[in-house]
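FYI, it's all coordinate maths here, none of it is from the lab. These numbers come from a predicted model, not from an experiment. FYI the Cβ positions are ideal-geometry reconstructions off the backbone, even for glycines, and counts take in every protein chain you see.
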Amino acid sequence: MQRFEERPLLEVENLTKQYGPGCDECGQPGRPGLIKNYCPSCGTVYACSDVSLDVFPGEILGIVGESGSGKSTLMQCLYFDQEVTAGTLTISDPELAGENLFGVSSQRKRYIRNHKYGMVYQNPVKGLRMDFSAISNIAEKQIAAGGRHVGNMQSAGERLLDVVSIPLFRMKEEPRNFSGGMQQRVQIAKALSNDPPILFLDEVTTGLDLSVQAAVIDLIKQIQRDLGISMIVVSHDLAVIRMLADRTLVMLNGRVIESGLTDQILEDPHHAYTQQLVYSLL
Amino acid sequence: MVMLEVKDFGKRFTSHHQNTTRKAVEGISFSLEQGGFIGIVGKSGSGKSTILKSIYRTYLPDEGEIWFDSERFGRLDLLKAEERQIIWLRKHEIGYVSQFLNVMPRTTARELVEQALLGMGETPGAAKIGAERSLRHFDLDERLWDTFPNTFSGGEKLRLNIAIATVKKPRLLLLDEPTASLDHQSKLKVREVIKKLKADGTTLVGIFHDLEFMEGLCDGVYDMNEKALRGMPEVQR
């Protein structure tokens, strides 16, 4: 049989994020004795335990799990919003090859964030400056990524707003005047403004009504198709994951309990929790 | 050349909620030459769909082997193939049609077929031409091309479904009761389509309710009851 010569773009091995000192009991391999993700003897919370994953070029990887399962912490660690306790992150990019990116200087992490990453938060307040205009929000990220030519940045920004269907006559307006769906689309435009190879989407459709949700999902698919960007999509909504992701990880209590092709996870779930999740699907 | 070979295949479902394990199928073996077409017959609940879904890897089987002759990867056991390989095969070599159309909301019929081609790496121009040819071929009214399929009738949805699956010219096409909800007229149209695919060399495995539909189309049937391949049974009129 011929091998698949494809290599992952982003690889994470054994990412662990703990809040608290840890003790002899919870420090053992497999962390026995935890109540969910909490160690009763020292009070340490393991938000993520030994999470490993890979994302291939142009692929959308889905991560599902209930509130508190560690999915957002995982995203924040990957985006360097949080320091990990242990684990490695590698990105196969000529500029970054062979390095554990969790271990590099904060300056270099900022560089990766500005040049390789895009992030879309559930709450647009986290990703946008609500008192800057939509186009300035995009410019902020363009400048961080090294943009200096105002004319070029403006035209690129206008093109992005057009991609996400924000009318250009409103580009100088502040996002706080926009509806939730529009704010989310401005956030997506901003996240794309440095041409990132990797895009993180954290619960981006949560709280949007159905038609707006469909528009955002459509936009994400279109971006994948046209730009070939790799994405990690976190959602508690299985319907969103089904529409977007090729492969899916299921998280519970900070651990990945099941992973597979998205339709396989939905139609033939193996873990008790995944079954419960799928049977709860409306 | 053998295109598909199923060996001692079995699948169990464990329900943690009910604390039970149920054997859906076991001891299934058959093989299929390139360009062949077999129907799977058996009563409802006998595991016909389980076989198709396991070949497509929507189900993760526990026993046996399913060998597929891939153009890209050579002969490989689908049950052991990497997930990324399966994703590639689904885009290029293996198609699956059920009676349900499960697609992105707010995407027109034309876009859905185009996207299948774009996913294979076709240029936008070629995808446009290919999609139109396919929609016309499956007799989908031109006025429907730029509308959303959730307003389509059962037969229209199905023909679109088949158009999406076949526009990639898969080596293997799995048909999971695609005609279940169709009237006679639509069935005849689908039958013509399948006949044409077979003539073009596509290998097919299908589940159908009526033997009449399969007559003159299938080379043989796999009988879930006897667990054996046999010739087409006589249709009783």
(message) Past 29 Å, Cα to Cα: identify those pairs from B:LYS7/B:LYS195; B:LYS91/B:LYS128; A:LYS17/B:LYS53; A:LYS141/A:LYS221; A:LYS36/B:LYS91; A:LYS36/B:LYS48, in the order given.
(response) A:LYS17/B:LYS53; A:LYS36/B:LYS91; A:LYS36/B:LYS48
(message) I'd like the mean, over residues of B:9-22, of how many other protein chain beta carbons sit within 10 Å of each residue's own Cβ.
(response) 2
(request) Answer with one residue from A:ASN14, A:LEU252, B:THR147: the one whose Cα lies farthest towards the positive end of the charge dipole of the protein assembly as shown, charges on Cβ with Lys, Arg +1 and Asp, Glu -1. (result) B:THR147
(message) Pairs of alpha-carbon atoms within less than 8 angstrom and 6+ residues apart define the contacts here; what relative contact order does chain B have, in percent?
(response) 26
(message) I want the antiparallel fraction of DSSP beta bridges within the stretch B:2-230, as a percent rounded to 5.
(response) 55
(message) Please rank B:PHE208, A:PHE169, A:PHE80, fewest neighbouring Cβ atoms within 10 Å first, as an exposure proxy.
(response) A:PHE169, A:PHE80, B:PHE208
(request) Just rank B:LYS91, A:LYS190, B:LYS11, A:LYS172, fewest to most, by other beta-carbon atoms within 10 angstrom. (result) A:LYS172, B:LYS91, B:LYS11, A:LYS190
(request) Calculate I(q)/I(0) for the protein assembly as shown by the Debye formula, one identical point scatterer on each C-alpha and no solvent, and give its log10 at q = 0.12 Å⁻¹ to two decimals. (result) -1.21
(message) Counting pairwise Cα distances across chain A, what percent come out greater than 33 angstrom?
(response) 24
(request) Give me the angle, in degrees from 0 to 90, between the Cα long axis of helix A:106-116 and the longest principal axis of the Cα atoms of chain A, rounded to the nearest 10. (result) 60
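Determine the percent antiparallel among the DSSP beta bridges restricted to the protein assembly as shown, to the nearest 5.
Around 55 percent of the beta bridges assigned by DSSP in the protein assembly as shown are antiparallel ones.
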(request) Rounding to the nearest 20 debye, state how big the charge dipole of the stretch B:2-230 is about its Cα centre with +1 on each Lys and Arg Cβ and -1 on each Asp and Glu Cβ. (result) 340
(message) Cut-off under 14 Å on the C-alpha distance; same-chain residues fewer than 8 positions from B:LYS169 excluded. Which aspartates and glutamates are left, in chain and number order?
(response) B:GLU71, B:GLU93, B:GLU114, B:GLU122, B:ASP200
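Rounded to the nearest 5, what is the percent of antiparallel bridges among the DSSP beta bridges in the stretch A:10-279?
55
For peptide B:89-96, what's the mean number of Cβ atoms from other chains within 10 Å of each residue's Cβ?
Per residue, the average neighbour count from other chains is 1.
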(message) Compute a Gaussian network model of chain B, connecting alpha carbons closer than 10 Å, and tell me which residue from B:MET104, B:MET224, B:MET120 fluctuates the most.
(response) B:MET104
(message) Output needed: Cys residues of chain A lacking any neighbouring Cys C-beta below 4.7 Å, sorted by number.
(response) A:CYS48, A:CYS77
(request) Give the angle, between 0 and 90 degrees and rounded to the nearest 10, that separates the Cα long axis of helix A:180-192 from the longest principal axis of the Cα atoms of chain A. (result) 90
(request) Please label the shape of the stretch B:1-149 as rounded, prolate or oblate, based on the square roots a ≥ b ≥ c of the eigenvalues of the alpha-carbon gyration tensor (a/c under 1.5 means rounded; beyond that, a/b larger than b/c means prolate, else oblate). (result) prolate
(message) With +1 assigned to the C-beta of every Lys and Arg and -1 to the C-beta of every Asp and Glu, and no other charges, what is the dipole magnitude of chain A about the Cα centre in debye, to the nearest 20?
(response) 800
(request) Mind telling me which of B:THR20, B:THR166, B:THR58 comes out most flexible in a GNM of chain B, alpha-carbon contacts under 10 Å? (result) B:THR20
(request) For chain B, with a Gaussian network of springs between Cα atoms less than 10 Å apart, report the residue from B:LYS48, B:LYS169, B:LYS227 with the top mean-square fluctuation. (result) B:LYS227
(message) Along the charge dipole of the protein assembly as shown, pointing to its positive end and built from +1/-1 on Cβ of Lys, Arg, Asp and Glu, which listed residue (A:HIS115, A:CYS77, B:ALA24) has its Cα farthest out?
(response) A:HIS115
(request) Can you spot the aspartates and glutamates whose alpha carbon is less than 18 Å from A:LYS190's alpha carbon? Ignore those fewer than 8 places along the same chain. (result) A:ASP81, A:ASP131, A:GLU140, A:GLU158, A:ASP162, A:GLU173, A:GLU174, A:ASP202, A:GLU203, A:ASP218, A:ASP226
(message) Quick check on the exposure proxy: order A:CYS23, B:CYS218 from fewest to most C-beta atoms within 10 angstrom.
(response) A:CYS23, B:CYS218
(message) Nothing charged except the Cβ atoms of Lys and Arg (+1) and of Asp and Glu (-1): what's the magnitude of the dipole of the protein assembly as shown about its Cα centre? Round to the nearest 20 debye.
(response) 660
(message) Between the stretch B:161-237 and the stretch A:90-138, what is the separation of their alpha carbon centroids in Å?
(response) 51
